[in-house]
Amino acid sequence: MRGGGRATGGRTLWDSSVGKKTVMAVSGLVMLLYLVVHMIGNLKIFFGPGEFDHYAHWLRVVGEPFMHYEWTLWLVRVVLLVAVVAHATSAYQLSRRDIKARPTKYVHKKRRASYATRTMRWGGIILGLFLVWHLLDLTTGTVHPGFRPGHPYRNVVDTFSTWYGNVLYIVAMLALGLHVRHGFWSAAQSLGVGSRTRDRFLKTTANVLALVLTVGFVSVPVAVMTQVVS
Amino acid sequence: MRLTLRVWRQKNAGTEGAMSPYEVDGISPDMSFLEMLDVLNEQLILSGEEPVAFDHDCREGICGACSLVINGEAHGPERTTTCQLRMRSFQDGDTLDIEPWRASAFPVIKDLVVDRSAFDRIIQAGGYITAPTGSAPEAHATPVPKPDADFAFEHAECIGCGACVAACPNGAAMLFTSAKVNHLGVLPQGAPERASRVLDMVSQMDEEGFGGCTLTGECATACPKGIPLFSITKMNREFVQAARKGR
Ligand code: HEM
Ligand code: SF4
Ligand code: FES
């Protein structure tokens, strides 16, 4: 391509293995930011049904009067949908390329990279499946017998009063912790901001984020199970 | 030392290969790994068998010709090239599994020899400076800040052996490519082609069928020249900046 016209920036990124990682990193960080906010919001459940349901209602009226009812919420949903699709598509395409690039395994097996690193693909698939269930359970109520729109506190307590609700949720949150642990640090490298001097800071931030997110999210089902929230 | 070797034998690119067991005796701990294989090959030739084909050239750790995955590790257990690996790194009575580099971009030609010309094509795509530079210029003619010179030197150490690809679970050539991109990009002579270099080299890397980076760090652990993992980070930044410029 030397000397000739080159494709525009976005095209160059999407067509390249390096650029697709940039897409993964940005979309991952968008989802991560959302999850931090989501986790903090969830903790409102500890202040009782009044505050939690009020918070859920507020999510629909944020930005009024400039925004119409639910506009902000839908804006966030669209951004997240784009992020999830971009992330999953590049994950799928990159994984296919990676597997094809190394078709023959070594006869002599060696212990490989850390747990968080090795579980990115399976962990990602678990998160994707969880996401679908989670939306059908607590947003649309499709798979939630006795779902009551507009009463999120009751619905949450409901979900975590079933064993499968707890198991699905807690397994997914542990997967999330591992995914974020390697993902946050990876994203820093994909975006080119990592360096020898910043590595300790980035690894620590990744660990703290992973731990805070997992503990924060898991605290809700644990609270319901132990009747702290009922 | 007495050793049991299990060596990958493969007649040519078109045939299936398999691990074959051999015994070697009288190995001195001071021998290099390749000298140990020489002993094996003398033995094979004397008994009328086909010797094991393996790549080597300088045997000084500077050319990048030698390869071999030994017990699952590229260039074996020490951070050095196979030619510089000494038999004292192993125990008498050990069993050693010896395999070729594995990556679809590095097809096996025969036994332990793989075709690494994909690396040459990555270099041809931009791993050089277009302007004729003539003979070595006066060192002070073009001032280079010391940290930049050190950085360039660190990356210029890459010998193109391919251990990074062999060690990577995705068969990625990111460490190799980043070494060259960073080496030339930081120097005044390489700066004018900095953006096109990274775009062309990465695109050639993809075209050759190398995998992508999942930041497992296996490459930097295997690299005999200590090219750091953050070279990849740096190349990622160069790539995104160049893509934004569109050249
Ligand atoms: C749809 C479900 C998901 C799938 C299939 C998925 C899959 C993956 C895969 C395969 C990787 C690459 C691993 C690697 O290169 O080592 C990755 C990286 C990453 N994921 Fe996810 N993931 C999902 C959800 C999430 C979520 C919810 C977050 C938000 C916290 C997230 C954040 C990240 C980050 C920050 C990275 C690092 C990107 C990079 O290496 O540059 N992912 N994901
Ligand atoms: S980066 Fe290291 S392992 Fe890879 S080709 Fe260069 S010297 Fe060999
Ligand atoms: S033979 Fe030249 S580096 Fe090993």
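GNM on chain B, alpha-carbon springs under 10 angstrom: the most fluctuating residue among B:32, B:47, B:231 is B:47.
Under 8 Å for C-alpha pairs, at least 6 residues apart: give me the relative contact order for chain B, rounded to a whole percent. Show your work: numbers first, answer last.
Working: 445 pairs, mean separation 47.7, N = 247.
Across chain B, relative contact order equals 19 percent.
Between B:110, B:11, B:146, the residue with the greatest mean-square fluctuation in the GNM of chain B (Cα pairs under 10 Å linked by springs) is B:146.
Dipole size of region B:146-208 about its Cα centre, with +1 on Lys/Arg Cβ and -1 on Asp/Glu Cβ: approximately 120 debye, rounded to the nearest 20. Its relative contact order, with pairs defined as Cα atoms under 8 Å and 6+ residues apart, puts region A:124-209 at 24 percent.
Rounding to the nearest 20 debye, state how big the charge dipole of region B:3-110 is about its Cα centre with +1 on each Lys and Arg Cβ and -1 on each Asp and Glu Cβ.
Working: 9 positive and 18 negative charges, 74 e Å.
Rounded to the nearest 20 debye, it is 360 debye.
Here the average projected area of the convex hull drawn through the C-alpha atoms of region B:3-110 stands at 6.8 nm². Probing with 1.4 Å while keeping every protein chain in the model, the per residue accessible area of the protein assembly as shown equals 50 Å². What's the FRET efficiency of residue B:28 with residue A:26 using the Cβ-Cβ distance as r and R₀ = 60 Å, to the nearest 0.05? The value I calculate is 0.60.
Taking a sphere under 13 Å around the Cβ of residue A:92 and counting the other residues whose Cβ falls inside, with K and R at +1 and D and E at -1, yields a net charge of +4.
Rounded to the nearest whole Hz, the Karplus-based 3J(HN,Hα) values (6.51 cos²θ - 1.76 cosθ + 1.60, θ = phi - 60°) of region A:51-56 follow the sequence 5, 5, 5, 5, 4, 4, with x at glycine and proline. Since only A:92, A:26, A:13 are under comparison, the one whose Cα sits farthest along the positive direction of the charge dipole of the protein assembly as shown, derived from C-beta charges on Lys, Arg, Asp and Glu, is A:26.
With K and R counted +1 and D and E -1, the other residues having a Cβ less than 11 Å from that of residue A:13 yield a net charge of +3.
Excluding residue A:204 itself, what net charge comes from residues whose Cβ is under 13 Å from its Cβ, given Lys and Arg +1 and Asp and Glu -1? Before the final figure, lay out the partial values.
On the way: positive: A:181, A:198, A:200, A:203; negative: A:199.
Cβ neighbours under 13 Å give a net charge of +3.
The aspartates and glutamates within cross-link reach of residue B:11, meaning a Cα-to-Cα straight distance under 12 Å and a gap of 8 or more places when in the same chain, are B:50, B:111.
Across region B:41-57, computed HN-Hα scalar couplings (Karplus, 6.51 cos²θ - 1.76 cosθ + 1.60, θ = phi - 60°) run 5, 4, 4, 5, 5, 4, 8, x, 9, 6, x, 6, 7, 9, 7, 6, 8 Hz from first to last residue, x flagging Gly and Pro.
Suppose R0 equals 41 Å; then what is the FRET efficiency for residue A:93 and residue B:2 from their Cβ-Cβ distance, rounded to the nearest 0.05? Using R0 = 41 Å, I get an efficiency of 0.25. Taking 0.36 nm per residue of sequence separation and removing the Cα-Cα distance, the residue B:59/residue B:38 pair yields an extension gain of 6.3 nm.
Amide hydrogen proximity for residue B:65: with H placed 1.01 Å from N in the peptide plane, the residues at 5 or more positions away or on another chain lying under 5 Å are B:57, B:58. Residues of region B:216-236 that bury at least 30 Å² of accessible area once all protein chains are present, compared with their chain alone (1.4 Å probe, heavy atoms only, ligands and nucleic acids left out), are B:216, B:218, B:230, B:233, B:236. Between residue B:123 and residue A:110, the C-beta separation translates, for a Förster distance of 25 Å, into a calculated FRET efficiency of about 0.30.
Full extension of the segment from residue A:200 to residue A:142, taken as 0.36 nm per residue of separation minus the current Cα-Cα distance, would add 16.4 nm.
How many Å² of accessible surface get buried when B and A come together, counting both sides, probe radius 1.4 Å, rounded to the nearest 100? Don't skip to the answer; put the middle values down first.
On the way: alone 12200 and 15210 Å², together 23710 Å².
Buried area between the two chains comes out at roughly 3700 Å².
Solvent-accessible area of chain B (1.4 angstrom probe, protein heavy atoms only): carbon and sulfur portion equals 52 percent. Taking label positions 7 Å along the Cα-Cβ direction at both residue B:131 and residue B:11, the computed distance is 5.5 nm, reported to one decimal.
Explain nothing, just the number: dipole magnitude of chain B about its Cα centre with +1 on each Lys and Arg Cβ and -1 on each Asp and Glu Cβ, in debye rounded to the nearest 20. Can you show the working numbers first?
On the way: 22 positive and 33 negative charges, 233 e Å.
That gives a dipole near 1120 debye.
In chain A, the portion of solvent-accessible area held by carbon and sulfur atoms comes to 71 percent [1.4 Å probe, whole percent, DNA, RNA and ligands not counted].
Run the helix sum for the protein assembly as shown: -39,500 (n - 2.57) per DSSP H stretch of 4+ residues, divided by residue count, reported at 222 nm to the nearest 500 deg cm²/dmol. Intermediate results must be reported in sequence, preceding the final value.
Numbers: 17 runs with 244 residues, N = 477.
Calculated mean residue ellipticity at 222 nm is -16500 deg cm²/dmol.
Taking amide H atoms as placed 1.01 Å from N in the peptide plane, the amide H of residue B:96 lies under 5 Å from those of B:4, B:5, B:6, each 5 or more residues away in sequence or on another chain. Here the Karplus curve 6.51 cos²θ - 1.76 cosθ + 1.60, taken at θ = phi - 60°, turns the phi angles of region B:58-72 into couplings of 6, 6, 10, x, 10, 9, x, 7, 6, 9, 5, 9, 10, 6, x Hz, with x standing for Gly and Pro.
One chain, two ends: residue A:212 and residue A:134. Fully extended at 0.36 nm per residue, the span grows by 26.1 nm beyond their Cα-Cα distance.
Between A:190, A:16, A:219, the GNM of chain A built on Cα springs shorter than 10 angstrom shows A:16 fluctuating the most. Counts of other chain beta carbons within 10 angstrom of each beta carbon in peptide A:93-99 average 5.
Residues whose amide H lies under 5 Å from that of residue A:143, counting only those 5 or more places away or on a different chain, are A:137; hydrogens are built 1.01 Å from N in the peptide plane. Placing +1 on the Cβ of each Lys and Arg and -1 on the Cβ of each Asp and Glu in region B:117-245, which of B:119, B:169, B:214 has its Cα farthest towards the positive end of the resulting dipole? Of the options given, the answer is B:214. Shielding of peptide B:95-102 by partners, expressed as the average count of other chain Cβ atoms within 10 Å per residue Cβ, is 3.
The values are calculated or read from the model by the stated rules, or taken from the named source; none is laboratory data. Predicted model only: the values in this text are computed from it and were never measured. Cβ coordinates were reconstructed from backbone atoms using ideal geometry, including for glycine residues, and neighbour counts include every protein chain displayed. All accessible areas refer to the heavy atoms of the entire protein, side chains included, with ligands and DNA or RNA removed. Shrake-Rupley method; radii C 1.70, N 1.55, O 1.52, S 1.80 Å.
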